[in-house]
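Here is the structure we will look at, set down as structure tokens.
The values are calculated or read from the model by the stated rules, or taken from the named source; none is laboratory data. Here the structure is a predicted model, which is why all the values come from computation and not from measurement. Reconstructed Cβ throughout: ideal geometry from the backbone, glycine too, with neighbour counts over all protein chains shown. These accessible areas exclude ligands, DNA and RNA; they are computed on the full protein's heavy atoms, side chains included. Shrake-Rupley method; radii C 1.70, N 1.55, O 1.52, S 1.80 Å.
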Amino acid sequence: MAARFAAGLVAGLLWALLAGYARSIVAPEQRGRAMAVPMSGSTVALSVRVPAGTLLAGAAGWRVAFGLMNVIALALVGWIAVSAPAVPGRDEHDRLPLRKVLRIPGVAAVLGVTAAFVLARNLLYTYVAALLEPLNLAGRTDTVLLVLGLSSLVSVLGTGALIDRHLRTLTLAACGLLSFASTVLAAALLTSASWPLYGAATVWGFGFGGAATLLQTAVADAAGTAADLAQSLLATCWNLGIAAAFAGGPLLDHTGPRSLPWSALTLLTLALAVTATARHHGFPTRR
């Protein structure tokens, strides 16, 4: 538990730093695509970690899998030290207090969308095995997650190509696709039909894969010179959305798995509404 707590601290810090760093080493017109590069790493990890980790642990033991990750991490540290360009930090006198960053037009809207979107996604993702059980797919969790991960990777690639011109449209599409996937899942649970599940997982991946890139770009654009601090706030909202998914446990216990897609759909409707109304700041029609 102590190790996981430390890993969470590092992950939150890394998430907040990566986007600002990627934007700072490219030309302004390439910032959206540059942010898609580090975000694709998390999607690739999502795609391969379950099948690859399970395969390696089954063949050689979990200690070998953990040891290999340590070796990869150390090699990555060395690669960064040798090849990553140095970027100067910001003088402490130039930094805005967090409360003032929140008041920048558009920042609060992006943070609200982030919290609702991520919580909706994790209400489904955290309890995916419980959602699949009524459909007689409990043994197919890894396959469903692989489909989700691969479609998420396609989403990241498409987002990277289009984000610098169509951020608002892509964000609206992401909310809409996840809403559609939640509706399909809810219908499948009502009818006990398993065949729509893989289609829903594919649509879900298309909607979620590029979300981190879209939201981080939106908050950075809105915050301007305070982009780094805004990124830290977004990382906080993102992780709060993950943590708040514990609420799915009581829902699952008292109302069963059918309530989870509807709860996610309610949150996604809220995210879609905020995105649609933030047309001047946050998710502007013109960038």
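Condition (residue is of a type in the set (Asp, Glu) and under 22 Å from Asp164 (Cβ atoms)) applied to the range 252-262: is it met by at least one residue? I'd like the intermediate steps shown before the answer.
First pass over the range 252-262, keeping only residues of a type in the set (Asp, Glu): 253.
Those still in the list that are under 22 Å from Asp164 (Cβ atoms) too: none.
Taking every residue of the range 252-262 in turn, none turns out to be of a type in the set (Asp, Glu) and under 22 Å from Asp164 (Cβ atoms).
Any residue in the range 1-21 that is without any contact (Cβ under 8 Å) to a residue 60 or more places away in the chain sitting within a Cβ distance under 7 Å of a residue that is open to solvent by less than 80 Å² (accessible area, probe 1.4 Å)? List the pairs, counting only those 6 or more apart or interchain.
Cβ pairs passing all conditions: Leu18/Pro38.
Before we move on, is Phe246 buried (at least 16 other Cβ atoms within 10 Å of the Cβ) and hydrophobic (A, V, I, L, M, F, W, C)? Before you say what the answer is, go through the steps one by one.
Working: buried (at least 16 other Cβ atoms within 10 Å of the Cβ): no; hydrophobic (A, V, I, L, M, F, W, C): yes.
For Phe246, the condition - buried (at least 16 other Cβ atoms within 10 Å of the Cβ) and hydrophobic (A, V, I, L, M, F, W, C) - is not met.
The conditions are (1) touching a Leu at 6+ places or on another chain (Cβ under 8 Å); (2) over 20 Å from Leu123 (Cβ atoms); (3) crowded, with 17+ Cβ neighbours inside 10 Å, and Phe206 fails exactly one of them. Which is it?
Phe206 satisfies every listed condition except (2).
Within the range 118-172, how many residues are aromatic (Phe, Trp, Tyr) and either part of a helix (DSSP H, G or I) or under 16 Å from Arg33 (Cβ atoms) (or both)? Step through it out loud before you land on a result.
Just the residues of the range 118-172 that are aromatic (Phe, Trp, Tyr), to begin with: 125, 127.
When the remaining residues are screened for being either part of a helix (DSSP H, G or I) or under 16 Å from Arg33 (Cβ atoms) (or both), the result is 125.
The qualifying residues number 1.
Applying the selection to the range 182-238, what residues are touching a residue at least 24 places away in the same chain (Cβ under 8 Å), assigned to a helix (DSSP H, G or I), within 18 Å of Pro134 (Cβ to Cβ) and polar (S, T, N, Q)?
Once the filter is applied, which keeps residues that are touching a residue at least 24 places away in the same chain (Cβ under 8 Å), assigned to a helix (DSSP H, G or I), within 18 Å of Pro134 (Cβ to Cβ) and polar (S, T, N, Q), the range 182-238 yields Ser182, Thr183.
Quick grid of which residues meet (1) within 26 Å of Thr191 (Cα to Cα); (2) touching a helix residue (DSSP H, G or I) at 6+ places or on another chain (Cβ under 8 Å); (3) not acidic (Asp, Glu):
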site	(1), (2), (3)
Ile80	no, no, yes
Leu98	no, yes, yes
Pro105	no, yes, yes
Gly112	no, yes, yes
Leu123	yes, yes, yes
Arg140	yes, yes, yes
Arg168	no, yes, yes
Ala173	no, yes, yes
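Look at Leu124 and say whether it is within 30 Å of Ser182 (Cβ to Cβ) and touching a Gly at 6+ places or on another chain (Cβ under 6 Å). Full working, then the answer.
On the way: within 30 Å of Ser182 (Cβ to Cβ): yes; touching a Gly at 6+ places or on another chain (Cβ under 6 Å): no.
Against the criterion (within 30 Å of Ser182 (Cβ to Cβ) and touching a Gly at 6+ places or on another chain (Cβ under 6 Å)), Leu124 does not qualify.
Residue check: is Ala73 loosely packed, with under 15 Cβ neighbours inside 10 Å and at negative phi?
Against the criterion (loosely packed, with under 15 Cβ neighbours inside 10 Å and at negative phi), Ala73 qualifies.
Do we find that Ala220 is within 29 Å of Val101 (Cα to Cα), open to solvent by less than 30 Å² (accessible area, probe 1.4 Å) and small (Gly, Ala, Ser) in this structure? Show your work before the answer.
On the way: within 29 Å of Val101 (Cα to Cα): yes; open to solvent by less than 30 Å² (accessible area, probe 1.4 Å): yes; small (Gly, Ala, Ser): yes.
Spelling it out, Ala220 is indeed within 29 Å of Val101 (Cα to Cα), open to solvent by less than 30 Å² (accessible area, probe 1.4 Å) and small (Gly, Ala, Ser).
If you take the residues of the range 1-31 that are over 25 Å from Asn122 (Cβ atoms) and surrounded by 12 or more Cβ atoms within 10 Å (Cβ to Cβ), which of them is modelled with the lowest pLDDT? Working first, answer last.
Kept after step one, since they are over 25 Å from Asn122 (Cβ atoms), are these residues of the range 1-31: 21, 23-31.
So of that shortlist, the ones also surrounded by 12 or more Cβ atoms within 10 Å (Cβ to Cβ) come out as 21, 23-26, 30-31.
Numbers: Tyr21: 83, Arg23: 78, Ser24: 82, Ile25: 85, Val26: 83, Gln30: 78, Arg31: 75.
Filtering the range 1-31 for residues that are over 25 Å from Asn122 (Cβ atoms) and surrounded by 12 or more Cβ atoms within 10 Å (Cβ to Cβ), the one modelled with the lowest pLDDT comes out as Arg31.
So His280 fits all but one of (1) at pLDDT 90 or above; (2) over 30 Å from Ala129 (Cβ atoms); (3) open to solvent by 80 Å² or more (accessible area, probe 1.4 Å); what number is the exception?
Unmet for His280, out of (1) at pLDDT 90 or above; (2) over 30 Å from Ala129 (Cβ atoms); (3) open to solvent by 80 Å² or more (accessible area, probe 1.4 Å): (1).
Of everything in the range 142-161 that's under 14 Å from Thr213 (Cβ atoms) and out of contact with any helix residue (DSSP H, G or I) (no Cβ under 6 Å at 6 or more places or on another chain), which residue is least open to solvent (accessible area, probe 1.4 Å)?
Gly158
Are any residues in the range 249-266 of a type in the set (A, V, I, L, M) and crowded, with 23+ Cβ neighbours inside 10 Å, and if so, which ones?
So the first thing to find is which residues in the range 249-266 are of a type in the set (A, V, I, L, M), and the list is 251-252, 260, 264-265.
Those that are of a type in the set (A, V, I, L, M) and crowded, with 23+ Cβ neighbours inside 10 Å: Leu260, Ala264.
Open to solvent by less than 80 Å² (accessible area, probe 1.4 Å), modelled with pLDDT of 80 or more and farther than 29 Å from Leu233 by Cα, is that true of Ala60? First the steps, then the outcome.
Numbers: open to solvent by less than 80 Å² (accessible area, probe 1.4 Å): yes; modelled with pLDDT of 80 or more: yes; farther than 29 Å from Leu233 by Cα: yes.
Yes; evaluated as a whole, the condition is true for this residue.
Would the range 111-127 turn up any residue that is surrounded by 10 or more Cβ atoms within 10 Å (Cβ to Cβ), of a type in the set (S, T, N, Q) and within 20 Å of Leu18 (Cα to Cα)? Reasoning before the result, please.
From the range 111-127, those surrounded by 10 or more Cβ atoms within 10 Å (Cβ to Cβ) are 111-127; that's our starting set.
Keeping just the survivors that are of a type in the set (S, T, N, Q) gives 114, 122, 126.
Applying the additional criterion that residues be within 20 Å of Leu18 (Cα to Cα) yields 114.
Taking every residue of the range 111-127 in turn, at least one turns out to be surrounded by 10 or more Cβ atoms within 10 Å (Cβ to Cβ), of a type in the set (S, T, N, Q) and within 20 Å of Leu18 (Cα to Cα).
Given the criteria within 18 Å of the chain's Cα centre (by Cα) and among the small types (Gly, Ala, Ser), does Ala200 qualify?
Values: within 18 Å of the chain's Cα centre (by Cα): yes; among the small types (Gly, Ala, Ser): yes.
Considered against the rule, which asks whether it is within 18 Å of the chain's Cα centre (by Cα) and among the small types (Gly, Ala, Ser), Ala200 comes out as yes.
If you take the residues in the range 182-208 that are modelled with pLDDT of 90 or more and of a type in the set (Val, Ile, Thr), which one is nearest to Leu260 (Cα to Cα)?
Applying the filter and picking the extreme gives Thr183.
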